[in-house]
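The structure appears below as structure tokens.
The values are calculated or read from the model by the stated rules, or taken from the named source; none is laboratory data. Computed from a predicted model, the values in this text were never measured in an experiment. Please note: Cβ atoms are built from the backbone with ideal geometry, for glycine as well, and neighbour counts cover all protein chains shown. Surface areas here come from the heavy atoms of the whole protein model, side chains and all, with no ligands, DNA or RNA. Shrake-Rupley method; radii C 1.70, N 1.55, O 1.52, S 1.80 Å.
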Amino acid sequence: MGEAYASDLPLLQSDSLDTAKLTALGSASSQNPFVLEKTFQTNQELLLKLRQAIIDLQRRPNLEFLEADFPLITQVLDKIQESFYTHSQVLNFQYLNELDNLTLWYQSRLMRWQAEVQKQVNQYLQIAEELAPYEEVVRQKMEFADTLNITSLDRQMEVVNSRVYTIDSLLRLRRTEGLEALGTLSNAIFTLNDLREEIKDRQNLFRNKLFQKDSPPVWKTQAEIYTRDFTEIVEDSLMLNRVILKSYLKRHLINLALLLILLLALYRWFSQMLRKVDREKEFSVIILKRARYLSISPFFCALLSVSTLGPYFFAYPPNGLILLFLLLMAFSTSLLIQNVVSKKVFWIWVFMMLNLLVYGFSNSLSELALQEKSYLILFSFASVVIGVWTFRLIRENEEHFPKYLYWLVSLFVFFQGFAVVAHVMGRFSLGKLLGVTATLNLMQAISLYVFVLVVMEVIYLASELGKKNDSTYTSYLDYVKIYKKLKQLLITLAVIMWAYYLITNLHVDQLVWDVVSSFLNETRSLGNNTFTYGSVLIFFVVLWVSALLAKNIAYFASLRDAQKEGERDKKIGSSILLIRLGILSLGFLLAISLSGISLDRVAIVIGALTVGIGFGLQNIVNNLASGIILAFERPVQVGDTIELGSRLGTVKNIGIRSSTIQAYDGSEVIIPNGDLISQQLVNWTFSNTQRRLEVFVGVAYGSDIKKVNEILTEVTNDDQILKHPPPKVLLNDFADSRVEFRMLIWVENFSIGLDVKDKILKRIYGAFDENGIKIPFPQRDLHLVEGWDKLSGQGQSKPNDPKNKKP
């Protein structure tokens, strides 16, 4: 193709045209619409278009999947069809679910390949449509070139004609390849759809016959119903699970690599945190005691985290991969709780690990093997006994067990007891399903709980390392607060994950999804308005999440501010109010958008609220506006010591409508934000935390004033009293019974004022006592008038006058 293109260049050069040819050309030009110069130019443009078309067509369509992946898919589909129609045994429901997920993934791949091939075929059709108009033009040009008999033009038209022929051949070839690939994919998709329908029918049949008798009761002979050898079933199941797992992991190597990287990153992070706390924190023993699981083994904490999150890294994971993650979760949990729980509890956990291995193996079989019945009954009965024993241990030491464990064990005992009854009555499929569900879900729940505790410890250590002062640590009360807030959220998420595992193991996930979807998406009417419960649920869920985020952001911002005591300018403080308002506003708008509520209706509601505000909600709006002003102007920050009227205390919270002040007597005062703006406010810590103390001291008249002044000056020589501004001792007043001195001293922090004053007064009292300086108490001089006769003239009589005596 490159040589052909290079040969086009000399075709444009001028040949030596004799007079006869020029005469013929002039005659032809007058009778024909084509002009020689225009012909050469258009031919060159046409050659460029044809060259680009040949380049596009010479690229083979991307059909590598037909040689690499497609044969494996057809082989697996043939194997599934063979298992459906060649064996008389009933397939395990878990195996049917596995095939459903596998065929669904195959379907998505086939349809993606089909779309890619169809896109390539459409490109070939587009090339053909673009070049179709040039066929007639080329024919006319060939006829015109023949009449002129010009060598260069003839050679140029030969190249054009050759390229048109090449393009025609390539188009037929590529379209044939594409159509054959489309036909192959279409046949595979049709076969896959039929197979998926068969799987759905068998799943429905399994559900419908779940409570029906599928095996003889235990008191009847069992051997006659064994149509296949158990060893053969195990070998076929292991081979099928190995093939499925291997092919699945081969397709998801990137996901597996990400998990391994996450494992190593978490292990390194956990180890670094532990070493950093031990090296830098003065109270490292107390801190590490609260992180007991991380202290036991950071690697197994990382392994537990990765195995918990692992299934969510893969789309439609096979049963073998899910079981592998669950075994890793349980194994990691075993090593972490070994030295935490008592020996009795740990032996119960060892039995549960054995239970997990047995039921995990049973759940991996592709067919219902009735040979399992004997040992499944044994393990279900033993599980009931162990569960009852666990009840007794929980009742004896309730404080040592999670409060949710009692209900989890109750559900476990109920399912296992029901499984024993089902096996005895000949409901093998039901008994096996209940036993598998009970075991897997209890192990998942306990491992999830330990995972939550590990996450809590990680957050706690991260918060401790985030503090600037290495000699401090979170107080027990603060630790309990953080623990409760985060634990409630994480437990909620863990419960959701556990509930999903429960309905999945019971094989009712599709049924639950269909019922819930039908209920939530059904259109309902209220007056002239239509709605669905799904939109209402979305609206309130988004609002709840927004409120939860706003609340927790404010809480953790307050913890951050508490670590920056004395650095008022670096505190978030009242600015967090703007963040909360922003989150709530965004959440409200997002809730309206996601729920499909019309903005016109929202405008009507807002208009009605505006009228209500104008009449009866002025104070609320005033407080809301005042809260925004506080957030922008920041006259008050969380942690400031303020005085408002007769109320003195520390600002604990600045809300949207009101603020909270922690008074020094322990009470919490709720103050509307409007009062903080409209009333006179004293902020004792606005620019700094220093405070001036006034101490009044009285001494008796006649005391040595110079000596008193020296003692009071010496008393102010204390580390907690600032040297700048210097303390002052002033003679303040000559009172009725004392000479009064006034001491002015400055302390660094407002909070230590009372302690410093107490210390100063005690020193003054001791110093005065040592130096014989008296502190007077209030006294009056009473002067008695001599002679009672002076008063008798005013109508008074003597007290001892005989005339006053009664007869």
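Taking amide H positions as modeled 1.01 Å from N, with prolines and chain starts lacking one, the residues under 5 Å from Gly698 and 5 or more places away or on another chain are Phe741. Between Phe346 and Asn397, the simple label model (points 7 Å from Cα in the Cβ direction) yields a spacing of 1.2 nm. Of the chymotrypsin sites (Phe, Trp or Tyr not before Pro) in the stretch 663-717, the ones in a loop by DSSP (not H, G, I, E or B) with at most 13 other beta carbons within 10 Å are Tyr664, Tyr701.
What the Kirkwood sum gives for the stretch 261-325 is a hydrodynamic radius of 13.3 Å, with every pair of different alpha carbons counted.
What whole number of Å gives the distance from the Cα centroid of the stretch 692-755 to the Cα centroid of the stretch 90-116? The distance from the Cα centre of the stretch 90-116 to that of the stretch 692-755 comes to 89 Å. For the pair Phe361 and Ser271, a Förster radius of 35 Å applied to the C-beta separation gives a FRET efficiency near 0.50, rounded to the nearest 0.05. Each of Arg657 and Leu256 was given a label point 7 Å from its Cα along the Cα-to-Cβ line. The distance between the two points is 5.8 nm. Global dimensions of the stretch 490-533 from alpha-carbon coordinates: Rg and Dmax equal 14.9, 43 Å. Which entries of Lys403/Lys432; Lys706/Lys774; Lys79/Lys213; Lys551/Lys652; Lys728/Lys757 have Cα-Cα distances beyond 19 Å here? Beyond 19 Å between Cα atoms: Lys403/Lys432; Lys79/Lys213.
Is the stretch 636-733 best put as rounded, prolate or oblate by its Cα gyration tensor, with a ≥ b ≥ c the root eigenvalues, rounded for a/c under 1.5, and otherwise prolate when a/b is larger than b/c, oblate when not?
prolate
Computed over the alpha carbons of the stretch 210-362, Rg followed by Dmax gives 21.6, 73 Å. Protein heavy-atom surface of the stretch 246-317, 1.4 angstrom probe: 66% of the accessible area is carbon and sulfur, with nucleic acids and ligands not counted. Over the stretch 643-786, accessible surface divided per residue gives 65 Å², non-protein components excluded, 1.4 Å probe. Between Val545 and Phe230, the FRET efficiency from the beta-carbon distance, with R0 = 60 Å, is close to 0.70. Of the whole protein surface, Glu643 contributes about 60 Å² of accessible area at a 1.4 Å probe radius. Extending 7 Å from the Cα toward the beta-carbon at both Lys246 and Leu586 defines two label points whose distance is 4.9 nm.
Averaging 1/r over each pair of different alpha-carbon atoms in the stretch 295-444 and inverting the result gives 16.3 Å, the Kirkwood hydrodynamic radius.
These residues, Ile583, Ile670, go from largest to smallest accessible area, 1.4 Å probe, as Ile670, Ile583. Ranking His252, His400, His724 from most to least accessible surface, computed with a 1.4 Å probe over the protein chains only, gives His724, His400, His252. Placing one equal scatterer on every Cα of the stretch 324-407 and applying the Debye formula, the log10 ratio I(q)/I(0) at q = 0.15 Å⁻¹ is -0.67.
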